[in-house]
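Everything on this sheet refers to the single structure shown next.
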C-alpha cells in the first residue's frame with residue numbers, strides 16, 4: 001500500500017553531500033579534541049595521575065560500547081543494517097579471550113602502571129563519567145535506530161584524533177610502556193571503516209524518511225503504512241485509526 005502523509009514537506013531536505021559537509025563542519029568546531037583536557041594531553045602537560053585517571057574512566061566507556069551497539073541492533077528491524085553493525089560488538093568484546101578493543105584498553109592501563117583488577121572493578125570511575133556513559137547507552141536503547149547510529153558519527157573525526165594522540169603519548173609520556181598503544185594504532189584505521197559505515201546507514205535511513213514524507217518531529221507511523229506529521233489534535237488520530245480499521249485509505253491533508 002502506498003505511504004500516505006497528512007502533511008506536506010515544507011523544506012527541501014539536504015542531499016547527501018550537504019548533510020556530510022554540515023556534519024563535518026560541526027565536528028571541526030565541537031569535537032572533544034577541542035576540550036582543554038585533550039589539548040593539554042597532546043601538549044604533554046598532563047601528570048601521570050591525570051593520565052591514569054583518564055584511562056580508568058575511559059575504560060567504563062570502552063566496556064559499554066558493545067552494549068550500546070547491541071541495543072542499536074535490537075532496535076533495528078532491517079537485517080541488512082544489523083549485519084553491517086554486528087562486527088562492532090566483536091571488535092570490542094573480541095571473538096575469543098585476549099582479543100578486542102576492551103582487552104587492548106586493559107593493556108593500556110597496565111602500561112600506565114595500573115592493575116587489571118582495579119580497572120575491571122571500576123575503582124576509579126567518577127560518578128559524572130558513569131552517568132554520562134549510562135545516559136549514552138540508555139539513549140541507544142530508547143531512540144530509533146537511525147538516531148542511535150547517528151550518535152556514533154563522531155567517529156568521522158576519530159582517525160585524526162587517534163593519530164595525534166598516539167604521537168603525543170610516544171613523544172611526551174615515555175613512562176607509559178609502548179606495548180600499551182595497541183588500541184590507538186588499531187583505531188586509526190578501524191575508525192575510518194566504522195565512520196563510513198555509520199554515515200552510510202544514516203543516509204540510508206534518511207532516504208527512507210524522505211520516501212515516507214517525514215520532514216520533522218513529531219511524526220507518528222501507524223500500522224507501518226500511514227504517517228501523521230506534527231502535534232495534531234486528537235480527532236485527527238481518531239479519524240486515522242477509524243479509517244484504518246475500516247480499510248479506508250487516508251488522503252493527504254491539504
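The values are calculated or read from the model by the stated rules, or taken from the named source; none is laboratory data. If you're wondering where the values come from, they're calculated on a predicted model, not measured in any experiment. When we count neighbours, we look across all protein chains shown, and the Cβ atoms used for this are built from the backbone with ideal geometry, even at glycine.
Return a yes/no flag: does the range 107-114 have any residue that is more than 23 Å from residue 190 (Cβ to Cβ) and modelled with pLDDT of 95 or more.
Yes, the range 107-114 has at least one match.
Using the structure shown, decide if residue 232 is modelled with pLDDT of 75 or more and not in a helix (DSSP H, G or I).
It is true that residue 232 is modelled with pLDDT of 75 or more and not in a helix (DSSP H, G or I).
Would you call residue 73 in a helix (DSSP H, G or I) and within 13 Å of residue 149 (Cβ to Cβ)?
Considered against the rule, which asks whether it is in a helix (DSSP H, G or I) and within 13 Å of residue 149 (Cβ to Cβ), residue 73 comes out as yes.
What number of residues in the range 119-133 are in a helix (DSSP H, G or I) and surrounded by fewer than 13 Cβ atoms within 10 Å (Cβ to Cβ)?
Residues that pass the stated criteria total 3.
How many residues does the range 91-148 contain that are on the phi > 0 side of the Ramachandran plot and under 22 Å from the mean Cα position of the chain (by Cα)?
2
Based on this model, can you work out whether residue 19 counts as in a helix (DSSP H, G or I), surrounded by fewer than 18 Cβ atoms within 10 Å (Cβ to Cβ) and at pLDDT below 85?
Answer is yes for this residue.
Do any residues in the range 36-54 that are at positive phi and surrounded by fewer than 17 Cβ atoms within 10 Å (Cβ to Cβ) have Cβ atoms under 7 Å from those of residues that are at pLDDT 95 or above and not in a loop (DSSP other than H, G, I, E, B), where the two are at least six apart or on different chains, and which pairs are they?
44/168; 44/171; 44/172
Tell me which residues, restricted to the range 153-182, are surrounded by 19 or more Cβ atoms within 10 Å (Cβ to Cβ) and outside any helix (DSSP H, G or I).
176 - this is the single residue of the range 153-182 that is surrounded by 19 or more Cβ atoms within 10 Å (Cβ to Cβ) and outside any helix (DSSP H, G or I).
Condition test on residue 88, is it touching a residue at least 24 places away in the same chain (Cβ under 8 Å) and closer than 24 Å to residue 189 by Cβ?
So residue 88 fits the description; yes.
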